[in-house]
1. Translational diffusion coefficient of region B:126-230 at 25 °C, 0.890 mPa s, Stokes-Einstein with Kirkwood Rh over Cα pairs, in µm²/s as a whole number.
2. Quick check: convex hull of the Cα atoms in chain B, volume per residue, rounded to a whole Å³?
3. Taking the C-alpha atoms of region B:2-62, how large are the radius of gyration and the largest Cα-Cα span, Dmax, in Å?
4. What value does chain A have for Rg/Rh, both radii from Cα atoms and Rh as Kirkwood defines it?
5. Sequence-distant or interchain residues sharing an amide H contact under 5 Å with A:F42, placed H: which?
6. Of all GluC sites (Glu not before Pro) in region A:25-128, which ones are in loop regions per DSSP and have a Cβ with at most 13 other Cβ atoms within 10 Å?
7. Using the alpha carbon gyration tensor of region A:194-308, what are the three equivalent-ellipsoid semi-axes (square root of 5 times each eigenvalue), largest first, in whole Å?
8. Cα centroids of region A:229-288 and region B:47-63: how far apart, whole angstrom?
Amino acid sequence: MSDQQSRPKFRWHIIVFLAPAVLVYTAVMIYPLFNTLRLSLFTEVDQERVFVGLQNFQTLFGETVWSSQFWNALGNNFWFFIIHMLVQNPIGVALAAILSHPKLRFASFYRSAIFIPTILSFVIVGFAWKLILSPIWGIAPGMLDAVGLKSLYAPWLGKEAYALTTLSLVSVWQFVGIPMMLIYAALLSIPDEILEAAEVEGITGLSAFWKIKLPLILPSIGIISILTFVANFNAFDLIYAAQGALAGPDYSTDILGTFMYRTFFGFQLQLGDPHMGSTIASAMFAIILVGVCLYLFGIQSRMRRYQF
Amino acid sequence: MNAARQNRFNTIAAHGALILYTLIALFPVFVIVINSFKTRKAIFREPLALPSADSFSLIGYETVLKQGDFFLYFQNSMIVTIGSLFFILLFGAMAAFALAEYRFKGNTVMGLYLALGIMIPIRIGTVAILEMMVQTGLVNTLWALILVYTAQGLPLAVFILSEFMRQVSDDLKNAGRIDGLSEYRIFFSLVLPLVRPAMATVAVFNMIPIWNDLWFPLILAPAEEVKTLTLGSQVFIGQFVTDWNAVLSALSLAILPVMTLYVIFSRQLIRGITSGAVK
């Protein structure tokens, strides 16, 4: 290595190679992140920034006006996450399992088509579903009518009881492609010898999936779960596009992202408050950090990884 | 005989399930696009029918092109996306090369530091980012967005690219050194061309989230002349809620560029995901 020979000389080129990335990353991502945590300890009095310690957190968790909104958003966010885990990931795994069948024809066509919703923006997805589910246009009631289930129809996005679940399912519809692709990749990487050995033992079809493939793709399912968790707890766009910043009806679709946006930026009569916004951001940071740590130390380190 | 029949049944069931899901995935896009070419009456009377000679109309598109500055929005989105990708790839590759090629004090720490951002979303720091952009006068400029997206994309780019750069043969680089090439020449003319496929993967991964982002354009660059296509269509649709022709046409126009990108890059994207670049 030339490193050894040039030891006495300071290797400037390492600095030159690293500097741009480290500078941009530090200045635009890491520093603002910590600055946001710091700002949550301040408030504004007469247009001046005053240090108030943990008072903002006291307001957020202690005053009912704030705390009821926060717990509502957090609870909704958990429901949003649970639906993704229960619907999106199993469908993704099932689709990937079917697609990975070696003799399946048109597999690449199905794969590309099912991935299309994932590339669309939240604005398109939010409005498209809003129109389709709308009682004015009548596509959803019309289609239910065609199969004789018209009585099941309700203006789902407008009803407090259904709106959040409906939006979660729309989001599932949009993102099913991601677990599908990642699991598909994991399934392809299982060596044929293992599957052939199982076949010799008489394990084929569904039982091969449950007994051999599923245990082998568990690490990928773990990664997908944590990616889903992080993405859900910082979601905002879909709710904003479909229901606006007020996350109606009556805050029933409010999640942490929309709550933070309203608080920080203000909306209609409510004035924006960057310090309370930072406080909510800090709470979100803590939640995401706890989730990621649980995954890294609780799940990933215990999971057995197979090297082929 | 029995096994063969079982097999046929399985194949049909597999295709049935996939076709059903493909229909679910494509149906909304299909409905939006066909209805954008119909008259208002036809949209409501027969929402699932294809536009016929009778019901065909471009009135929605006319409204959109007259009222909204979609060409400008499109141009802004292009500048932001291409600019961000350029910096992510250039800076990311340089840092990845430094981490993969040289042994120096703090190498591992630097790698971990840069990897932090893979898991922690940049949105958490929005309050302070906005404050910084206001102080530096970058608010309502495309530079604000380019900087944010570059910072957001760098961690994963460095991670993926350094994996690939470790595979570049040492002999090649050492031969270059013996020939008297500088470290910069070795990076730009020997290593970069070899990791081009990995760069393409990184570019495709970053392209779609940047193009589709609503949060940062809404907060950092909401002014008319710097609106991106995503924000522009969101605002436009919000204003024209009751004009169904215009809304459907605006949605179709917003779908068009992403679909074009997808058709061009889907093979690259799928190869990138399935080659295990994100494990």
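1. Rounded to a whole number, D works out at 151 µm²/s.
2. Values: hull volume 59.9 nm³, N = 279.
Residue-normalised Cα hull volume stands at 215 Å³.
3. Every Cα atom of region B:2-62 included, Rg and Dmax give 18.5, 61 Å.
4. On the way: Rg = 24.5 Å, Rh = 23.1 Å.
The Rg/Rh ratio comes out at 1.06.
5. Close amide H contacts, sequence-distant or interchain: A:V52.
6. Values: sites: A:E44, A:E48, A:E63; in loops: A:E63.
Counting only loop positions with at most 13 other Cβ atoms within 10 Å, the GluC sites (Glu not before Pro) in region A:25-128 are A:E63.
7. On the way: eigenvalues 390, 61, 12 Å².
Listed largest to smallest, the semi-axes of region A:194-308 are 44, 17, 8 Å.
8. Comparing the Cα centres of region A:229-288 and region B:47-63, I get a distance of 38 Å.
Every number here is computed from the coordinates shown, using simple stated rules; none is lab data. Predicted model only: the values in this text are computed from it and were never measured. Note that each Cβ is placed from the backbone with ideal geometry, even for glycine, and that neighbours are counted across all protein chains shown.
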